[in-house]
1. For the pairs K24/K190; K135/K207; K161/K206; K43/K198; K63/K171, note any where the Cα-Cα span goes beyond 20 Å.
2. Determine the equivalent ellipsoid of region 166-296 by diagonalising the alpha-carbon gyration tensor, then write out the semi-axes as square roots of 5 times the eigenvalues, largest first, rounded to whole Å.
3. Assuming a ≥ b ≥ c are the square roots of the Cα gyration tensor eigenvalues, decide whether region 231-283 counts as rounded (a/c under 1.5), prolate (otherwise, with a/b larger than b/c) or oblate.
4. Determine, from the Cβ-Cβ distance of N285 and E156 and an R0 of 41 Å, the FRET efficiency 1/(1 + (r/R0)^6), rounded to the nearest 0.05.
5. With a Förster radius of 51 Å, plug the Cβ-Cβ distance of T138 and A261 into 1/(1 + (r/R0)^6) and report the FRET value to the nearest 0.05.
6. Taking only protein heavy atoms into account and a 1.4 Å probe, give the accessible area per residue of the chain in Å².
7. If the reach is capped at under 16 angstrom between alpha carbons, list the lysines near K256, excluding any in the same chain fewer than eight residues apart.
8. For a label point 7 Å from the Cα of L68 along Cα→C-beta, name the residues of region 9-34 whose backbone N is under 16 Å from it.
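The values are calculated or read from the model by the stated rules, or taken from the named source; none is laboratory data. Since the structure is predicted, the reported quantities are computational estimates derived from the model, not experimental observations. All Cβ positions, glycine included, derive from the backbone under ideal geometry; neighbour counts span all protein chains shown. Accessible surface areas use protein heavy atoms only, side chains included; no ligands, DNA or RNA. Shrake-Rupley method; radii C 1.70, N 1.55, O 1.52, S 1.80 Å.
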Amino acid sequence: MINVLILAAGLGSRLRPLTTDLPKPLVPIVDQSILAHQLRLAKSLESISLHINAFYLAEKLKKEANALGIEHVWVESPEILGTGGPLRRLYQEGVRGDLLVLNGDCYTEVHLAQFLSNSEASGAFISLLGIDEPKVNTLNIDSNSFLSGVANSYGEQSTEKATFSGISWYKEDALKEILDSERNVVHFWKRMNQLKNKIYVDLSQKKALWIDMGTPEGLMKANLARLNELGIDSWVDPLHPLAKQKNNFHQSVVHKHAKVALGAVLNRVILFDGAEVLENEVVSNQIRGDGFRWNL
């Protein structure tokens, strides 16, 4: 049995006002929420025990998580526990065994089984999946593929760099070492490095699709990736009045309660509930919702 924790307690501040009343993990990526996508990724593995943490709008997230079949929802109260605190909490509450952690911010197409196999083979008790995003390559990696530091936090610069994908693997022996003060998991990594405990960085999938969907730009990229995955050019909610009509939409997504007048032209547009497009209006490279417009 593999324990899987989806980190989903973030405030979603980069996507407000879209996330004012909607937990970020429930933001739809075309036809499914980002949480549903993470669940689909997790279920590529056999025999898993699913966990998720929640904080902002926790009851909404808990309701949807239960509907999706996630057995364990850990509501954080009265304060958020960061990225290290949830791992410590699971161990303190009696969850035993190794733990795979997925970041609820990311839309990705990686092979988790390959990552776990490489992690076990490394001999390290912590493993991080690294991808290549030059603008945010903050992991410094030594010649043996072990973490030597994190930019702007600790350690020295290295020739080999990578971006942390948000996907990590912790042996049970590592989980019991996390301190209450290490709510930022990087602080835990730093102490482990200082104690000469190796942290493996798996770079075998560094070119895999990976999108931080926590920004408007990332949200658009994730929707385009999902359209491509589905093999369609555009998507209109099946219950929308325009669902069965021929439309002049290209690489666009229209949700059920978006208002789209006749003759509208959409090119790389996402219309969330509450959005409105006027008659014969031409809209390009934009996300609209109830009371907001983001130009990309």
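1. Numbers: K24/K190 29 Å; K135/K207 14 Å; K161/K206 10 Å; K43/K198 28 Å; K63/K171 30 Å.
Among K24/K190; K135/K207; K161/K206; K43/K198; K63/K171, the Cα-Cα distance tops 20 Å for K24/K190; K43/K198; K63/K171.
2. Values: eigenvalues 391, 50, 30 Å².
Over the Cα atoms of region 166-296, the ellipsoid semi-axes are 44, 16, 12 Å.
3. On the way: a/c = 1.31, a/b = 1.09, b/c = 1.21.
Rounded.
4. Numbers: r = 41 Å, r/R0 = 0.99.
For N285 and E156, the calculated efficiency is 0.50.
5. Numbers: r = 46 Å, r/R0 = 0.89.
So, using R0 = 51 Å, E works out to roughly 0.65.
6. Numbers: 14000 Å² over 296 residues.
Averaged over the residues of the chain, the accessible area is 47 Å².
7. Candidates past the 8-residue exclusion: K244.
8. Within reach of a label on L68, which here means backbone N under 16 Å from a point 7 Å along Cα→Cβ, region 9-34 contributes 9-12, 22-34.
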